[in-house]
Amino acid sequence: MGNELIPVSRVDYQASGSAAGSSPTDSNHRLRRFLDGLKKFWWIPLITLVLAIGIGYFCVRRMQPLFLSQSRVRETMKMQLPDQSVYSDSSGNLATGTMIELLQSRKLRGITLARMKADPSNIEIPLGKDGQPPFVSISVNSSPNSSIYNITATSSNPDFTQHYLDALMPSYINYDRDIRNTVAGDTLASITDQMQGLERDMKYEQDQLMTFQQTNNMAVVQEESSVASSYLGKLQMQLEDLQLESKLLGAAEKANELQVAGTNNGVNPFDVIAGSGAGGHAAGAQDGKASSVDVDLLKIQREQLIKTAPESPKIADYDEQIKRAQASVDANRNQSLSQHTAQLAAYREANQIKIDYDKAAIKEWQAKVESANMILGEAERLKLNIQRTQGVYDRLTLMSQNVGISRGLDQESLSILEPASAPWRSYQREKNSMGFAAFGGLAFGLGIIFLIGLRDDRFTSMTDVNSVLGDSVVGLLPKIGEKDDDLLPLLSPNDTRHVYAESYRSLRSALRFLTTSGDNPKVILITSATPNEGKSTVSANLAYTLAMSGSRVLLVDGDLRRGRLHQSLGVKNEAGFIELLMGNCESDQVMQTNFIPNLHFISRGAAEGNPGDLLLSARLDELLEQWRQAFDYVLIDSSPVFAVADAGCLAPKVDGTLFLVRSHFSSARVTREALELLVQRQAKILGVVFNMADTSGRSHHYTHADYYYAPNKSE
């Protein structure tokens, strides 16, 4: 709940003299409640501590005494031969843990007891109610920066403890040695089995290799592979040459086709093929050239004749000769091209036959090479298998030799340095039990106080009020009496309770600066959530304080059922507030004075029936208006909010309401609900007055007021 419960504007409480502080953290709040609960219920942890110690002592008295015996062993050095297999346990904490588990195992316990029974010089083994020997607890710890182990045995029988430890250590060393020998024997047997298997495998593989070599003559196969590989290379080169020649023949055929079409620019197709039919081709070429020269010569002669004798009849003879010569040239050329085409076709066919033959031969010889290589590869694989098996066999042979050497050596690394010591009584378990009981009892008691603090939501300090209700405290009134139910005398003009008086003066100063709708409140209702929170005493003392400052004050006992302000003031309860509400009299007829100057009092009157209904009448509004005009302050002491509905009827009609909470009494939840109810009734909450606060803390501002009011000795 925040400041929304305090809707009117207020002055800063610190400036006006009231103690105010910031809200603490939840942890500090819980710690403070715990300390307050510890201060109040200090006897609870004391009782739980005494009870726990008593129960612990009773349990300790029923415990069997424990006796300890200690032996020391040393981890000796071992000689390690080159390439020797070493058998060793893990070192460090793991080795210590392994040793503890082995020493406490049932197996070793049985071996130790059997050893004790077999030793005629040993004591008789005691038996318990269950027919079993006493249980012996074993602990192992290593000395710092050393290879020495301290073995401690603990049981309820002193002699049995010592002799058990004396028999335990040799049993452990022998058992460890037997385990090592067993491991070495098993390892050697396993290696031997593997070697025998490898021998069988190696013999089988050697037989396979020998049979394979006998079936296949490896020298002949090697020679065949070499010859076939060489001849295959020769065939491949010959095939490449034929394939090149095939490409050249194709180019020649294309050139011949262009020549037949007359678009080869005089390129002879046989010029493309070097050395192919060179003789016949040359003769044909010479014949063709001669014919072409004759035609050209005749054309030249004809041209000269035309120039000299254009009309000569020989021109026609030249034309005829040129025609015959040209026909002869064309016939020779066609015959030559036909011959070329036939020759190229024959060459190409012969070349293709050679190519096909070489391809078939290459395929055949490739098969021979692959077959020979397959035989050689299988032989090589068999040899590699034999080599691998031989390598594994050699390693296992070396391992078996090392295991045999290690088996012959003493691999035990522990030796007894000191035998079991004389037993002594141990009180450590009793001390631990009593310490645990004391700690548990104290923790249980403190836990009870902590739970009480969690469930107790009563206000214990002003910071509690501010954390729950917001910064709403306008007055802090200290606790004066030693007991909460002490009846405190009201203030007097020369009261010697200076701290108490200054707290009311601070509240008076706060009221002077409080405003509601821009005006200082005159008619003020004083109430609380539940009875016994001190509102009547606060109302009377606040009225005294206001009156002593010169203000005209009217104090009205508004608790129409159980109001007792007249007893505190020492006057009679005659006609009062009830009679005024009923209209049987006027204010000046029931108003009492003669207390101190400026203070007037109206008692509650005679209660009949349900006087709370009178608060709903219009007569109340008339009275409040009269008093507002006649007095500077009108203080109405009302009944608690949750006692009757009177406070809810009065609060909306007054200028403001002071809400009272009592330290270590008022519940935070109940207080919040009461304030919320008043706010719902449109009440103007001026603030909260924290009553009966503890003044021992530093936060109280008037702790040293008595010192300030003390007379000066120098005067």
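The values are calculated or read from the model by the stated rules, or taken from the named source; none is laboratory data. Keep in mind that this is a model prediction, so the values were computed, not measured. With ideal geometry, Cβ positions are generated from the backbone for all residues, glycine too; neighbour counts draw on all protein chains shown.
Can you give me the number of residues within segment 391-414 that are small (Gly, Ala, Ser), modelled with pLDDT of 75 or more and within 50 Å of the chain's Cα centre (by Cα)?
Total meeting the criteria: 0.
From Met374, Met434, grab the single residue that is at pLDDT 85 or above, of a type outside the set (Ser, Thr, Tyr) and under 30 Å from Asn157 (Cβ atoms). The conditions single out Met434.
Looking across segment 246-260 at every residue that is modelled with pLDDT under 75 and not hydrophobic (A, V, I, L, M, F, W, C), the one that is nearest to Ile355 (Cα to Cα) is identified as Glu253.
Does segment 221-233 include one or more residues that are β-branched (Val, Ile, Thr) and part of a helix (DSSP H, G or I)?
At the first step, the residues of segment 221-233 found to be β-branched (Val, Ile, Thr) are 221, 227.
Filter once more, keeping what is part of a helix (DSSP H, G or I): 221, 227.
Yes - at least one qualifying residue is present in segment 221-233.
Within segment 174-194, residues that are modelled with pLDDT of 80 or more sit with their Cβ atoms under 7 Å from residues that are of a type in the set (Ser, Thr, Tyr) and in a helix (DSSP H, G or I), at 6+ positions apart or across chains, in these pairs: Leu188/Ser400; Ile191/Ser400; Thr192/Ser400.
When you look at Ile111, is it over 18 Å from Gly97 (Cα atoms) and in a loop (DSSP other than H, G, I, E, B), yes or no? No, not satisfied.
Among the residues making up segment 120-157, those that are more than 18 Å from Arg429 (Cα to Cα) and touching a Phe, Trp or Tyr at 6+ places or on another chain (Cβ under 8 Å) are Ile123, Ile125, Pro126, Pro133, Asn141, Ser142, Ser143.
Could you tell me whether any residue of segment 598-611 is aliphatic (A, V, I, L, M), closer than 25 Å to Leu660 by Cα and assigned to a loop (DSSP other than H, G, I, E, B)? First the steps, then the outcome.
Of segment 598-611, the ones aliphatic (A, V, I, L, M) are 599, 602, 606-607.
Still in the list and also closer than 25 Å to Leu660 by Cα: 599, 602, 607.
Within this subset, residues satisfying the condition of being assigned to a loop (DSSP other than H, G, I, E, B) are 607.
Yes, there is a match, as at least one residue in segment 598-611 is aliphatic (A, V, I, L, M), closer than 25 Å to Leu660 by Cα and assigned to a loop (DSSP other than H, G, I, E, B).
The number of residues in segment 121-176 that are in a loop (DSSP other than H, G, I, E, B) and surrounded by 14 or more Cβ atoms within 10 Å (Cβ to Cβ) comes to 8.
Let's see how each residue does on (1) modelled with pLDDT under 85; (2) more than 54 Å from the chain's Cα centre (by Cα):
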position: Tyr633; (1), (2): no, yes
position: Ala643; (1), (2): yes, yes
position: Lys653; (1), (2): no, yes
position: Ala668; (1), (2): yes, no
position: Leu677; (1), (2): no, no
position: Gln680; (1), (2): no, no
position: Met692; (1), (2): yes, no
position: Gly697; (1), (2): yes, no
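Any residue in segment 664-676 that is among the acidic types (Asp, Glu), surrounded by fewer than 24 Cβ atoms within 10 Å (Cβ to Cβ) and farther than 13 Å from Ala529 by Cβ? There is no residue in segment 664-676 that is among the acidic types (Asp, Glu), surrounded by fewer than 24 Cβ atoms within 10 Å (Cβ to Cβ) and farther than 13 Å from Ala529 by Cβ.
Close contacts from segment 143-171, counting a first residue that is farther than 21 Å from Pro126 by Cβ and a second that is of a type in the set (S, T, N, Q) and modelled with pLDDT of 80 or more, with Cβ to Cβ under 7 Å and a gap of 6+ residues or different chains, come to Ser143/Asn150; Asn150/Gln70; Asn150/Asn141; Ile151/Gln70; Ile151/Ser71.
For beta carbons closer than 6 Å, sequence separation of 6+ or different chains, a first residue in segment 111-129 that is over 17 Å from Ile173 (Cα atoms) and a second that is part of a loop (DSSP other than H, G, I, E, B) and of a type in the set (S, T, N, Q), the qualifying pairs are Pro126/Asn157.
For segment 523-535, the count of residues that are of a type in the set (D, E, K, R) and more than 22 Å from Leu491 (Cβ to Cβ) is zero.
Taking residues in segment 529-553 that are under 20 Å from Asp646 (Cβ atoms), and partners anywhere that are polar (S, T, N, Q) and part of a loop (DSSP other than H, G, I, E, B), the pairs with Cβ atoms closer than 8 Å and at least 6 places apart or on different chains are Ala529/Ser666; Thr530/Ser666; Glu533/Ser666; Lys535/Ser638.
When Ser291 is tested against (1) at pLDDT 65 or above; (2) part of a helix (DSSP H, G or I); (3) among the hydroxyl-bearing types (Ser, Thr, Tyr), just one condition goes unmet, and that condition is (1).
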